[in-house]
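Visitor: Starting off with a structure, shown below.
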Amino acid sequence: MSIRKFAFSLFALTALALPAHAKEGGGHGEAAQHWSFKGMTGTYDRAALQRGFEVYRQVCASCHSLNLLSYRNLADLGYSEDQIKAIASEYAVMDGPNDEGEMFERPARPSDRFKAPFANKKAAMYANNGAYPPDMSLLAKARHGGADYIYGIMTGYADAPENMTLMQGQYWNAAMHGNIIAMSPPLSDGMVSYEDGTEGTLHQYAMDIATFLTWAAEPHMEARKRTGLKALIFLLVFSFIMYGVKKRVWQDAH
Amino acid sequence: MASGKREPFDNAFVEWVDSRLPIFTLMVKEYRAFPTPKNFNYFWNFGAIAMVMLVLMIVTGIVLAMHYTPHATMAFNSVERIMRDVNWGWMLRYMHMNGASFFFIAVYIHIFRGMYYGSYKKPRELLWIFGVLIFLLMMATAFMGYTLPWSQMGGWAATVITNLFSAIPLVGEKLVALLWGGFSVDNPTLNRFFSLHYLLPFVILGVVVLHVWALHVTGSNNPLGIEPNGPQDTVPFHPYYTAKDTFGLSVFLILYVVVTFWFPNVFAHPDHFVQYDSMVTPPHIVPEWYFLPYYAILRSITFDIGIPFTDIVFINAKFGGVIAMFGAVIVLFFLPWFDSHPVRSARFRPWYKIALLALALDFILLGYVGMETADAVKFGIPLVYVGQICTLYYFAFFVAIVPWLSKNEKALPLPKSINDAVLAAKGA
Ligand code: HEM
């Protein structure tokens, strides 16, 4: 085997092994959905983001925090400054101390972080039968499968097989590692009514919340791909030119 | 350095400086006129590529450090602040994160090139030793860098690896306490790792200077492994290799850009995006991909070494694993002495070539074994056994196969000169 062939085979082997590595240890049986943000120039569907935010705010937010986000970040979803102010003001946050040394509550401002449902991890676990609802800021990156995994959890609830006994507060879920999850099915058809008239089905909710959480984990994805495209085009052109330059320089050398 | 005879420069400013410090003379001598074999293939691009990656890591790293907080309770969130709020912070972090992977890709290819074409042999032994030293320093740097975001995977990888040192007899426990700065991986550990992670790249830079200096004394090897006999065998480094290196670098950067901007987390484990919690052990702790082969070697020593059929143990399994893991890198230092065959290039050594390509596959297989859990079974074969066989071959290559071949292998006839070979290839 020539060294060239060998190097090429190595490269092919690695390319094949990489996706396998990415999948390793993944959830069980969540099928890949069609996402607007996939692909070379994929972007977040703004309407889906806004609907996903509604789902988060009305359902998930009673248990899951989103600590790394501020209300001002909602501008990415297409909300205006006034809308964001209005959304923030629905939440009361602790501030202070004031001039009299007292802590006080005030309506949240766009610069405040998303208000967490519980004061700390212990309180969250106490309210959830000892199970901890993880912070969702990075959830889409912190699990194999990302958005597909979140979609899978939302739609993966089913009756446990005969031979499996679940304890109080446990549910069978196809996507969860080990198939047992300590979260009751959070979503069902018709639970959240969408302002934009989109039909409120479980599938739709799951798609929207997964899109929203992917944005929450990776808010600069669109800028990233745009910048990458510029760098890539530059390098392609530059490589092409340098190939010509190299050929020119070498033509009389041999 | 370059003192003695000096050609004056036309430019008055350049001449003024050069007559006081002949730095321009040095550059001309080492990077323009430097006679370089004219038959390099693209494997010779990776030294320059590695150099660019090192600079890129230092530049992105310094800017990241301006925004990063090395404290156990703040590190994770400060990295997320870089990702979300710092202008272009996401780009710096992804460039640094994936830059490490591509730096290792370049250096692994660079090392393979050296082994394939026998670049480690006389008179380039010291050059090779500096290279291995760079590799070792890179590993230390990358390992400590991985703990800085204070993630589950980073923190636990640090715990597992630092714990290994406790296997060293007598001083082990003390050494671990020194690494940790206490009794567990905690804030003092993070602080000293940050300090060292900032320091080591500059040490690497220093060793790279020695490495390149040594290169410029012996001159480069080439795919034929025979020394140039005169000007007909060489070309000046500039513009010939500056043009070729720039082209090669640009192609390499295309791959780097595709990963950095479209698949920035492909090399990262999901648990790298969860904050470190010393009370929650991840189910499957894996190091970064570039350490996986060595991790597999570590885990393949599952047995104590002692006098058979007695309880006498000289080296327990844990210490044995540590020795094997570090030994796997250290053994590279001695390659020039394991292999004293007069012919350098594997092109003319069919048996060495087969053994080396087998080593490359062996190394990749080890990487695969390192990625899986310790008790994994594939096609009915427990992977520990695969790891053990691969480990055996890895060491056998260096201490048995190469020394044996070095005495017994009959090489194919060498071409008379580089120029002859190049002309023959052109005519064919
Ligand atoms: C920071 C990492 C490194 C940098 C920046 C670097 C840089 C370079 C450069 C610029 C060259 C000359 C161009 C070339 O031949 O590709 C070179 C040559 C060489 N390097 Fe490295 N190197 C690095 C790591 C290593 C390592 C880890 C090894 C071996 C273990 C190594 C072994 C060699 C050898 C043997 C040569 C001479 C090769 C020949 O002429 O055939 N280098 N290096």
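Visitor: Do we have any residue at all in region B:288-295 that's in contact (Cβ under 8 Å) with a residue 40 or more places away in the chain, part of a loop (DSSP other than H, G, I, E, B), open to solvent by 30 Å² or more (accessible area, probe 1.4 Å) and under 29 Å from B:LEU136 (Cβ atoms)? So that I can check it myself, show each step before the final result.
Guide: Residues of region B:288-295 in contact (Cβ under 8 Å) with a residue 40 or more places away in the chain: B:288-295.
From the residues that got through so far, the ones that are part of a loop (DSSP other than H, G, I, E, B) too are B:288.
Filter once more, so that each one left must be open to solvent by 30 Å² or more (accessible area, probe 1.4 Å): none.
No, there is no match, as no residue in region B:288-295 is in contact (Cβ under 8 Å) with a residue 40 or more places away in the chain, part of a loop (DSSP other than H, G, I, E, B), open to solvent by 30 Å² or more (accessible area, probe 1.4 Å) and under 29 Å from B:LEU136 (Cβ atoms).
Visitor: Across region B:374-389, what is the number of residues that are part of a helix (DSSP H, G or I) and of a type in the set (Phe, Trp, Tyr)? Can you show your working first?
Guide: First, pick out the residues of region B:374-389 that are part of a helix (DSSP H, G or I): B:383-389.
Those left that are additionally of a type in the set (Phe, Trp, Tyr): B:385.
Summing the residues that are part of a helix (DSSP H, G or I) and of a type in the set (Phe, Trp, Tyr) in region B:374-389 gives 1.
Visitor: State all residues of region A:21-36 that are at pLDDT 95 or above and crowded, with 19+ Cβ neighbours inside 10 Å; if no residue qualifies, say none.
Guide: If we filter region A:21-36 for residues that are at pLDDT 95 or above, which is where we start, we get A:35-36.
Passing the criteria: only A:TRP35.
Visitor: Looking only at residues in region B:80-138 that are within 26 Å of B:PHE263 (Cα to Cα) and among the charged types (D, E, K, R), which one is nearest to the ligand (Cβ to nearest atom)?
Guide: B:ARG93
Visitor: Mind checking which residues of region B:47-73 are open to solvent by 60 Å² or more (accessible area, probe 1.4 Å) and either under 23 Å from the mean Cα position of the chain (by Cα) or within 16 Å of the ligand (Cβ to nearest atom) (or both)?
Guide: Residues satisfying the conditions are B:MET51, B:VAL55, B:VAL59.
Visitor: If you check B:THR234 against the conditions, is it of a type in the set (Val, Ile, Thr), open to solvent by 20 Å² or more (accessible area, probe 1.4 Å), more than 24 Å from B:THR60 (Cβ to Cβ) and touching a helix residue (DSSP H, G or I) at 6+ places or on another chain (Cβ under 7 Å)? Lay out the reasoning, then the answer.
Guide: Values: of a type in the set (Val, Ile, Thr): yes; open to solvent by 20 Å² or more (accessible area, probe 1.4 Å): yes; more than 24 Å from B:THR60 (Cβ to Cβ): yes; touching a helix residue (DSSP H, G or I) at 6+ places or on another chain (Cβ under 7 Å): no.
In short, no.
Visitor: Which pairs do you get when a residue that is under 13 Å from A:ASN67 (Cα atoms), found in region B:69-84, comes within reach of a residue that is of a type in the set (Gly, Ala, Ser) and assigned to a helix (DSSP H, G or I), reach meaning Cβ atoms under 9 angstrom, with the pair 6+ apart or on two chains?
Guide: Listed pairs, sorted by first residue: B:ARG81/B:GLY89.
Visitor: Would you mind telling me which numbered condition in (1) farther than 21 Å from B:GLY367 by Cα; (2) of a type outside the set (Lys, Arg); (3) buried (at least 22 other Cβ atoms within 10 Å of the Cβ) B:LEU133 fails?
Guide: The one condition B:LEU133 does not meet is (3).
Visitor: Only one of B:PHE40, B:PHE76 is aromatic (Phe, Trp, Tyr) and touching a strand residue (DSSP E or B) at 6+ places or on another chain (Cβ under 7 Å). Can you tell me which?
Guide: On the way: B:PHE40 fails: touching a strand residue (DSSP E or B) at 6+ places or on another chain (Cβ under 7 Å).
Within the list B:PHE40, B:PHE76, the selection yields B:PHE76.
Visitor: Okay, next question. With the structure loaded, tell me whether B:PHE76 is more than 15 Å from the ligand (Cβ to nearest atom), of a type in the set (A, V, I, L, M, F, W, C) and within 14 Å of chain A (Cβ to nearest Cβ) or whether it fails that test.
Guide: It is true that B:PHE76 is more than 15 Å from the ligand (Cβ to nearest atom), of a type in the set (A, V, I, L, M, F, W, C) and within 14 Å of chain A (Cβ to nearest Cβ).
Visitor: Could you please let me know if B:PHE395 is surrounded by fewer than 20 Cβ atoms within 10 Å (Cβ to Cβ) and under 23 Å from the mean Cα position of the chain (by Cα)?
Guide: It is true that B:PHE395 is surrounded by fewer than 20 Cβ atoms within 10 Å (Cβ to Cβ) and under 23 Å from the mean Cα position of the chain (by Cα).
Visitor: Is there any pair with a first residue in region B:113-133 that is among the polar types (S, T, N, Q) and a second that is within 9 Å of the ligand (Cβ to nearest atom) and open to solvent by less than 30 Å² (accessible area, probe 1.4 Å) whose Cβ atoms are under 6 Å apart and which are 6 or more apart or on different chains, and what are they?
Guide: That search, which allows pairs on different chains as well, returns B:SER119/B:ASN221.
Visitor: Going through A:LYS115, A:LYS141 one at a time, which residue ends up being under 27 Å from B:ASN265 (Cβ atoms), touching a residue at least 12 places away in the same chain (Cβ under 8 Å), assigned to a loop (DSSP other than H, G, I, E, B) and not small (Gly, Ala, Ser)? Full working, then the answer.
Guide: Details: A:LYS115 fails: under 27 Å from B:ASN265 (Cβ atoms).
On inspection, the qualifying residue turns out to be A:LYS141.
Visitor: Taking region B:198-229 as the region of interest, how many residues are in a loop (DSSP other than H, G, I, E, B), more than 8 Å from the ligand (Cβ to nearest atom) and open to solvent by less than 40 Å² (accessible area, probe 1.4 Å)? If you could, list the steps in order and put the result at the bottom.
Guide: Here is the first cut: in region B:198-229, the residues in a loop (DSSP other than H, G, I, E, B) are B:219-229.
Checking which are more than 8 Å from the ligand (Cβ to nearest atom) leaves us with B:223-229.
Remaining after also requiring open to solvent by less than 40 Å² (accessible area, probe 1.4 Å): B:223-226.
Final tally of qualifying residues: 4.
Visitor: Going through region A:181-225 one residue at a time, which ones are free of Cβ contacts under 8 Å to residues at least 60 places away in the same chain and part of a helix (DSSP H, G or I)? It would help to see each step written out before you state the result.
Guide: Initial filter on region A:181-225 (free of Cβ contacts under 8 Å to residues at least 60 places away in the same chain): A:181-182, A:184-185, A:188-190, A:193, A:197, A:199-203, A:206, A:220, A:223-224.
Within region A:181-225, A:LEU202, A:HIS203, A:ALA206, A:ALA223, A:ARG224 qualify.
Okay, residues lined up against (1) in contact with a helix residue (DSSP H, G or I) (Cβ under 7 Å, 6 or more places away or on another chain); (2) crowded, with 22+ Cβ neighbours inside 10 Å; (3) modelled with pLDDT of 95 or more:
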site	(1), (2), (3)
A:HIS177	no, no, no
A:MET183	no, no, yes
A:MET207	yes, yes, yes
A:VAL237	no, no, yes
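The values are calculated or read from the model by the stated rules, or taken from the named source; none is laboratory data. These figures come from a predicted structure and were not determined experimentally. Positions of Cβ are generated from backbone atoms using ideal geometry, with glycine treated the same way; all protein chains shown enter the neighbour counts. Ligands, DNA and RNA are stripped out before the accessible areas are found, and what is left, the full protein with its side chains, is counted by its heavy atoms. Shrake-Rupley method; radii C 1.70, N 1.55, O 1.52, S 1.80 Å.
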